[in-house]
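We did not get these values from a lab; they are worked out from the coordinates using the rules stated. It should be emphasised that the depicted structure is a prediction, and the values quoted were computed from it without experimental measurement. Positions of Cβ are generated from backbone atoms using ideal geometry, with glycine treated the same way; all protein chains shown enter the neighbour counts.
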Amino acid sequence: MSQILTSYRIIGIDPGSQITGFGILEIPSGIVNIKKIRLIAAGVLKSQTKLPHYDRSGYLHDAMFQLTEKYQPEWCAIEKAFAGVNINSALRLGETRGALIAAVRRHKIQVAELTPTHVKKTVTGQGHASKDQVAAALKYLIGFDRGDLPHDASDAIAIALSHALSLGAYTALPKPVGMPATLSPTASAG
């Protein structure tokens, strides 16, 4: 018999190949009441800049896997990649995002991708808000004081909050049981 949960968790991720921000919110099931949203954890994952990119991606994958294993969110909200002028930076960010998404999907966590403009508009009311304006909005809305944490952490919380608000009314259902460790090859008729 499945048990319907009374709350659900969302991990917000602000991906970066050197610093990745994360924020985990707990939201009561049903219609989202912003005053009842609880911040469970927030911080950053830092990789060593001297390592090759694939080692940094591997580290971030492992760290995110452990983080999601510890907090068991039902949702992951991750910022969509921004394709700027530097194609190499965009490719590295895409690889980092892939490593982070793969880590949460290993736990069968649902993934939502949000644009930075959507997140800023949802949290502050304007799509081109500064990082300081996002942090100030989070302090007002959910009481989160960034303190000494980098903006990556407050950005991640904003991503999670934006997704929670976009869900509106939501009833958290139990996660599916058992994900295959490997995929079995499909037999082909020869």
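Taking the fewest neighbouring Cβ atoms within 10 Å as the starting point, the ordered list for LEU114, LEU165, LEU100 is LEU165, LEU114, LEU100. The residue list ILE159, ALA42, THR122 was ranked by how far each Cα lies along the charge dipole of the range 7-170 toward its positive end, using unit charges on Cβ atoms, and THR122 comes out on top. Close amide-amide hydrogen proximity is noted between LYS80 and LEU114, THR115, each under 5 Å apart and 5 or more residues distant or on a separate chain (H modeled in the peptide plane; Pro and chain starts excluded). Neighbour counts of other Cβ atoms within 10 Å put SER166, SER130 in the fewest-to-most order SER130, SER166. Residues of the range 17-52 falling in the label zone of ASP132, defined by backbone nitrogen less than 13 Å from a point 7 Å along Cα to beta-carbon, are absent. Extending 7 Å from the Cα toward the beta-carbon at both LYS80 and THR6 defines two label points whose distance is 3.7 nm.
Residues SER162, SER29, SER47, arranged from fewest to most other Cβ atoms within 10 angstrom of their Cβ, appear as SER29, SER47, SER162. Net length available on complete extension from LEU91 to TYR54 is 12.1 nm, with 0.36 nm assigned per residue and the Cα-Cα distance removed. With 19 Å as the limit, write out which pairs from LYS80/LYS121; LYS36/LYS120; LYS50/LYS70 have Cα-Cα distances beyond it, or answer none. LYS36/LYS120; LYS50/LYS70, as the Cα separations exceed 19 Å there.
Charging the Cβ of each Asp and Glu at -1 and of each Lys and Arg at +1, and nothing else, the dipole of the range 7-170 about its Cα centre rounds to 160 debye. Spin-label model, SER29 to GLN66: label points 7 Å out along the Cα-to-beta-carbon direction sit 3.2 nm apart. The fraction of Cα-Cα pairs per 10 angstrom bin, counted from 0 for the range 7-170, comes to 11, 43, 36, 9, 1 percent, rounded to whole percents.
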